[in-house]
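Engineer: My structure is below; once you've seen it, I'll send some questions.
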Amino acid sequence: MKYLPNVISVLRIAGSIGLLFCDVAGWLFWALYALCGISDMVDGWLARNLQAESKTGAVLDSLADIIFVACCAVRLLPVLEIPVWLCIWAGIIVTIKIITQISALVVCKRFCFPHTLANKLTGFLLFLTMPTIFWSMIPVSIVAALATFAAVQEGHFIRTKKVF
């Protein structure tokens, strides 16, 4: 049972890759999207409740998150009309996260993915608001603001060695 959270993370990676082969307008894409998003919440909850938290599990969860977001971006960006300002903002967030990981390599001698409350809330809200991007940029803009804060906070925690 202690490996169940990691199995769920691996299944989320497989489901995320599966998104690449689904039609964005089809039910299968959104069913996989929902399963991947829900599994992200379930694996952490299970890890805590089964007392199965581990560094490997945390890295695997973060890797699954990155793959999920990347696969969604690959499928959704070509069909969305995203304003330039939002693309620039997303680029800034990605740049902050890359700089943060370079800092982690220098400070901690490894990649670090702190599972802060801001990061968890950003992921949850991004999961919920992504379907709304077809008709409104407002919810995604709010998530982008939170994501910016989370990225800066993550860098602060790494540079001050308050890594979880």
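Engineer: Mind telling me which of the residues 77, 105 ends up being assigned to a helix (DSSP H, G or I), out of contact with any Gly (no Cβ under 9 Å at 6 or more places or on another chain) and over 19 Å from residue 142 (Cα atoms)?
Structural biologist: Working: 77 fails: over 19 Å from residue 142 (Cα atoms).
One residue alone meets the criteria, 105.
Engineer: Kindly check whether there is at least one residue in the range 75-85 that is touching a Leu at 6+ places or on another chain (Cβ under 6 Å) and either at negative phi or of a type in the set (Asp, Glu) (or both).
Structural biologist: Here is the first cut: in the range 75-85, the residues touching a Leu at 6+ places or on another chain (Cβ under 6 Å) are 75.
The next check asks that each one be either at negative phi or of a type in the set (Asp, Glu) (or both); those that pass are 75.
Among the residues of the range 75-85, at least one is touching a Leu at 6+ places or on another chain (Cβ under 6 Å) and either at negative phi or of a type in the set (Asp, Glu) (or both), which makes the answer yes.
Engineer: Might you check whether a residue that is more than 22 Å from residue 40 (Cα to Cα), touching a residue at least 40 places away in the same chain (Cβ under 8 Å), outside any helix (DSSP H, G or I) and not assigned by TED's automatic domain parsing to the domain that holds residue 31 occurs anywhere in the range 145-156?
Structural biologist: no
Engineer: Same structure again: For the range 41-89, enumerate the residues that are under 18 Å from residue 117 (Cα atoms) and among the acidic types (Asp, Glu).
Structural biologist: Matches in the range 41-89: 43, 53, 61, 65.
Engineer: Look through 122, 100 and report the one residue that is more than 12 Å from the chain's Cα centre (by Cα), β-branched (Val, Ile, Thr) and not assigned by TED's automatic domain parsing to the domain that holds residue 33. Break it down stepwise before answering.
Structural biologist: Values: 122 fails: more than 12 Å from the chain's Cα centre (by Cα).
Residue meeting the stated conditions: 100.
Engineer: Same structure again: I'm trying to understand the selection: among the residues of the range 31-88, which are under 15 Å from the mean Cα position of the chain (by Cα), among the polar types (S, T, N, Q) and more than 10 Å from residue 12 (Cβ to Cβ)?
Structural biologist: 62
Engineer: Further question on the same structure: What residue, of 21, 113, 29, is farther than 19 Å from residue 144 by Cβ and modelled with pLDDT under 90?
Structural biologist: Numbers: 21 fails: modelled with pLDDT under 90; 29 fails: modelled with pLDDT under 90.
Answer to the check: 113.
Engineer: I would also like to ask the following. From the list 16, 9, pick out the single residue that is part of a helix (DSSP H, G or I), touching a helix residue (DSSP H, G or I) at 6+ places or on another chain (Cβ under 7 Å) and more than 22 Å from residue 78 (Cα to Cα).
Structural biologist: Selected residue: 9, the only one of 16, 9 that is part of a helix (DSSP H, G or I), touching a helix residue (DSSP H, G or I) at 6+ places or on another chain (Cβ under 7 Å) and more than 22 Å from residue 78 (Cα to Cα).
The values are calculated or read from the model by the stated rules, or taken from the named source; none is laboratory data. Keep in mind the model is a prediction, meaning the values are calculated, not measured. Note that we place each Cβ from the backbone using ideal geometry, even for glycine, and neighbour counts take in every protein chain shown.
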